[in-house]
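Single-structure report; data block below.
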Amino acid sequence: MKREHQESGDGGGLTGKGERMEEEDAGVDELLAALGYKVRSSDMADVALKMEQLEMAMGSTAGAGPDDALIAHLASDTVHYNPSDLSTWLETMLSELNAPPPPLPPAPAERHHPFDLPPAPAPAVASQSTLFDVIAPAESSTITTVDFAAHAPPPARPVSAARVSYGPETPAEIPASRQRKRMRSSSASSSSSRGAVGIGSVNTAATEASSISPAAPGPALVVVDSQEAGIRLVHALMACAEAVQQENMKAADALVKQISVLASSQGGAMRKVASYFAEALARRIYRIPSQPDCSLDSAFSDILQMHFYETCPYLKFAHFTANQAILEAFAGRRRVHVIDFSMKQGMQWPALLQALALRPGGPPSFRLTGIGPPQPDNTDALQQVGLKLAQFAETIHIDFEYRGFVASSLADLEPYILEPSRGGGGGDEEPEAIAVNSIFDLHRLLASPGAIEKVLGTVRAIRPRIVTVVEQEANHNSGSFVDRFTESLHYYSTMFDSLEGGAGGSGSLVESGGQQQDQLMSEVYLGRQICNVVACEGADRTERHETLSQWRGRMGRAGFEPVHLGSNAFKQASILLEFFAGGDGYRVEEREGCLTLGWHSRPLIATSAWRLVDAAASAVVSR
């Protein structure tokens, strides 16, 4: 059983106790304090000496006879101290190890296997592996010592779940009768007191993998669990974000350096996303200016987005679901007009043109208005895209008209620029059916006060038949910096995990090299978003993502109501995912008439469709 440790006092009052606490806090090493350890700078040498003495004391007890009694003594009768007071904890461990052990306990029940440990509840199995799967409170630390019975060792197993380093022990210092392995694990003190097994519990797989044959020569192996390193990495990220919010840049500087070291010890998506967040924190701490939102930066972003389009299904899903909603809104109309708020390379529109060309009764007259930012070399990129689309429309026999407008911001648009064409015929000619399309564009307007309201007012003035909106399903635009940091860490760890899970094999080296390049550029594309969310503030922070429920409120206040996306869009979007490696991990869900695409249980992007409230009322009256 465990006993609470109480320090003896001299009878002083509350004032004296408070003064002692202030004196103890003075001179505490800030780096160790941020990680939960309370050590004065003046005591660093003494702590290091005690750690060496503790290592020697524990090593010397390895060859003693009553090992089982010593372990039972430490497990049941030892007074457990808070290891945040590192110096006192080391001193206590030394005194316990040097004290004579109690009498031997009764012989334990016979076990069927030399490596059988006492039963423990099984940890929960996660459905996916992301950076936040290793988060757990780290309020205390323990050193667990496990003795193995002197039997023939099992066959050697490969070490895969842990990182192995060699210790200083020599073969002569390892007793031939038994081996002792020490593992350090971080766990919450509340979880430890209940005996629950979780993230901080001893990894039995790593225990078996790192077992050493008593007869085998060579140095001892000390196993550092990669899961523990992941826990420390996440806690260091969160501690650094809190230090930044409190403007404690000295502690933040020390922590961001540690994050870089811890991230290098990880692999896969965890290492990549942690490295991007470390870079973003460093930019904020050291006040390194981010890339300006200029035409050159916009052109580079377009290139990165093309690679992102090829790597994963998110943009394809956005284009497909928006096109399906537009196609249904244009049913039976002879003159249609699409206004694209982000023309870029025009990759969305060939599929819609093909669908219209196959429509019963023949294709309609199609007009496309593309809006884009100015180019760094002053070239008319929008006109070049329009020319290619016009050539494609001609091959499938569609009457096609195109206009391109250069605008630094969507807020610069006016209704007269987007007004529908009156046509060249008589007054009885059918008016245009207008669709407004926005793919990852509207959230950028939230950086400028009043901009989103102005743009939605402009859209309302041209009276579109439908408005399609695709946005990230995340809240990166409210709360404190720590709240925004935590939400973005959740979101982008899942996004990077989907990139890793969706990277399938290829039939040729050329295709494999192209996939690797696409994935690398896609990671840069997401990394730039991370940098903007974490490192920037004010008008420079343009990645202000909001959730579907938040957009529902904004669109409702602007005079729009949702249009239910049909079941055909859901079925065909699900079929689309079958063409991607790792398709089992992607999930399409219907939420109140909108469609979301995510990785496992986490939605990542959402498609919604809207129409004017009064237009819906007039449509009901006409029926």
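The values are calculated or read from the model by the stated rules, or taken from the named source; none is laboratory data. Not measured: the values here are computed from a predicted model. Cβ placement follows ideal geometry from the backbone for every residue including glycine, while neighbour counts extend to all protein chains displayed. Side chains included, ligands, DNA and RNA excluded: accessible areas come from the protein's heavy atoms. Shrake-Rupley method; radii C 1.70, N 1.55, O 1.52, S 1.80 Å.
Of note:
- Flag for Val459 being out of contact with any helix residue (DSSP H, G or I) (no Cβ under 6 Å at 6 or more places or on another chain) and over 25 Å from Arg528 (Cα atoms): yes
- The residues of the stretch 469-521 that are at pLDDT 90 or above, assigned to a helix (DSSP H, G or I), open to solvent by less than 40 Å² (accessible area, probe 1.4 Å) and more than 15 Å from Gly268 (Cβ to Cβ), listed by number, are Phe481, Val482, Arg484, Phe485, Thr486, Ser488, Leu489, Tyr491, Asp518.
- Note on the stretch 568-607: residues that are part of a helix (DSSP H, G or I) and either polar (S, T, N, Q) or open to solvent by 50 Å² or more (accessible area, probe 1.4 Å) (or both) total 7.
- Residue in the stretch 356-406 that is surrounded by the fewest Cβ atoms within 10 Å (Cβ to Cβ), counting only those that are out of contact with any Phe, Trp or Tyr (no Cβ under 8 Å at 6 or more places or on another chain) and of a type in the set (Val, Ile, Thr): Thr395
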